[in-house]
Structures are given as C-alpha cells and as structure tokens.
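Only one structure is covered here, and it is reproduced in the block below.
The values are calculated or read from the model by the stated rules, or taken from the named source; none is laboratory data. In this text the structure is predicted, and so the values were computed from the model without any measurement. Using ideal geometry, Cβ is built from the backbone for each residue, glycine included, and neighbour counts are taken over all protein chains shown. We work out accessible area using only protein heavy atoms, side chains counted, and drop any ligands, DNA or RNA first. Shrake-Rupley method; radii C 1.70, N 1.55, O 1.52, S 1.80 Å.
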Amino acid sequence: MKLYRAPFSTNVERVALALAHKGLAVESVWIEYSDRTPVERVSGQPLVPVLVDGDEVVVDSMAIVRHLEELHPEPPLYPAERARREEMLVFIDWFNHVWKVWPNSIEAGRDVEESSAAMARALDRFEAMLDGRDHLMGEEISAADVCAFPFLKFALLRDPEDDEEFHLVLERHQRLNGHERLAAWIQRVNERPRA
C-alpha cells in the first residue's frame, strides 16, 4: 500500500492513526502543498490523503479508514453490531458534513460568531459523550475518535511549526474551559502511535 500525504494534514492523521491501530505499514509519498501533481496524477484530484492499494485508489480519509477496516477487521475500529455501526456512521457524517462546516466558514470569514458559538456547543457534546467512558463511543478507540481527534486536538495541542490558518482557527475557536474529560481524551489519543 502507498499513502500520499502532506505535513500537518488533519485528514492524513486520521489514516495514520487507523494504520497504526491495525499494525499496517504503508509506503509514504510526501507531497508539498505547492505541488499536488503526484496526487492529481494518481487520483485525478488534489487532496490528501490518497491510498493506493494494488489497483484500487481510495480518496477521502474516512473512506480510507473504512477500506482498511474491510480488508483488516482486527483490531476493529467499527462495532460489529449493525445498529452500533450505523450510529458511528451517523456521527462521522455529522462531523464531516456539519461540524467541519463551522471552522471552514470561520477560515473563509463567513458567519464567524455563529460558527464559533456552534463549535463551543459541540465541545459540550463531546464532553458529555466522554462521561463514563474513555473514548467517544465506548471504552476502546474507534473510527469516531479517529475522525474527530485530529481536529479537536487543537483545543489543547498544536505543533509550534504548524502555522496553517485552518489549524489556527481550530486552536482559537475551541476553548476547553472546564472540559476535563475532553482534555484527558485528547491527551490519551495523542499518545497513540501513527503510521
């Protein structure tokens, strides 16, 4: 397997967490944001991550995570029970299609106050999800944690060399103020290996 990736990419980090969790090795192809030609050549689009697995080319971070789960189900990132799996897929869809709209709007200078308030309310939800358990959907790490962590971590952590504007938005508009469970979860997931 070959993974096309770029430094500090939140979406690449999702895949890196999943690969390490499953003990899978990949050949990494690092690209510069200023030259996306290698990614475009292999996938027909400019975004990372892209996974090349034999003849199959998979784009979109969570599609890659699902692909890895299908081929390498152990250790699992998705529940075996159908209802629980669907709950997780609903969470992932919400995170990707609702939650991510807010920081993207802030970065674009649209609806800043409203989006910032929505992000603050979401922190309350994540804090509540962690009541009585170590991870967002249970005691063990799952695809929900892999999906959310690379974005939520900016409430507590940012590599000083990472000056990407989107990540600065994530840092400025996520204040943990009393969210102890969420802070502990960020630390816990941050200690996990990445491929």
Estimated distance in nm for a label pair at Arg125 and Ala184, the labels positioned 7 Å out from Cα along Cα-to-Cβ: 2.3
How large a share of the accessible area of region 68-137, in percent, is made up of carbon and sulfur atoms when the probe is 1.4 Å and the other protein chains stay in place? 50
Short to long, in 10 Å steps from zero, the percent of alpha-carbon pairs of region 92-166 per bin is 16, 48, 30, 5
Give me the percent of accessible area attributable to carbon and sulfur for region 148-195, probe 1.4 angstrom. 44
Please give every one of the lysines within straight-line cross-link reach of Lys2, meaning a C-alpha to C-alpha distance under 25 Å, and leave out same-chain neighbours fewer than 8 residues apart. Lys22
Give me the distance in nm between label points sitting 7 Å out from Cα along the Cα-to-Cβ direction at Asp163 and Ser28, one decimal. 2.2
Under the helix-only model (-39500 (n - 2.57) for each DSSP H run of 4 or more, divided by the residues of the chain), the mean residue ellipticity at 222 nm, to 500 deg cm²/dmol, is -15000 deg cm²/dmol
Show me the trypsin sites (Lys or Arg not before Pro) within region 118-190 that DSSP assigns to loop and that have at most 13 other Cβ atoms within 10 Å of their Cβ. Arg133, Arg175
With the chain treated as a Gaussian network of Cα nodes joined by springs under 10 Å, which of Pro160, Pro103, Pro150 yields the largest mean-square fluctuation? Pro160
Compute the Cα gyration tensor for region 1-116, then decide on rounded, prolate or oblate, letting a ≥ b ≥ c be the square roots of its eigenvalues: rounded whenever a/c is under 1.5, prolate when a/b is larger than b/c in the other cases, and oblate in all that remain. oblate
Have a look at the DSSP beta bridges in the chain and tell me what percent are antiparallel, nearest 5. 70
Could you give the accessible area per residue of the chain, probe 1.4 Å, as a whole number in Å²? 50
What distance in nm separates the simple spin-label points at Asn104 and Glu86, each placed 7 Å from Cα in the Cβ direction? 2.6
Under the definition of Cα pairs under 8 Å and six or more residues apart, what whole-number percent is the relative contact order of the chain? 24
Tell me the Kirkwood hydrodynamic radius of the chain in angstroms, computed as one over the mean inverse distance between distinct C-alpha pairs. 17.3
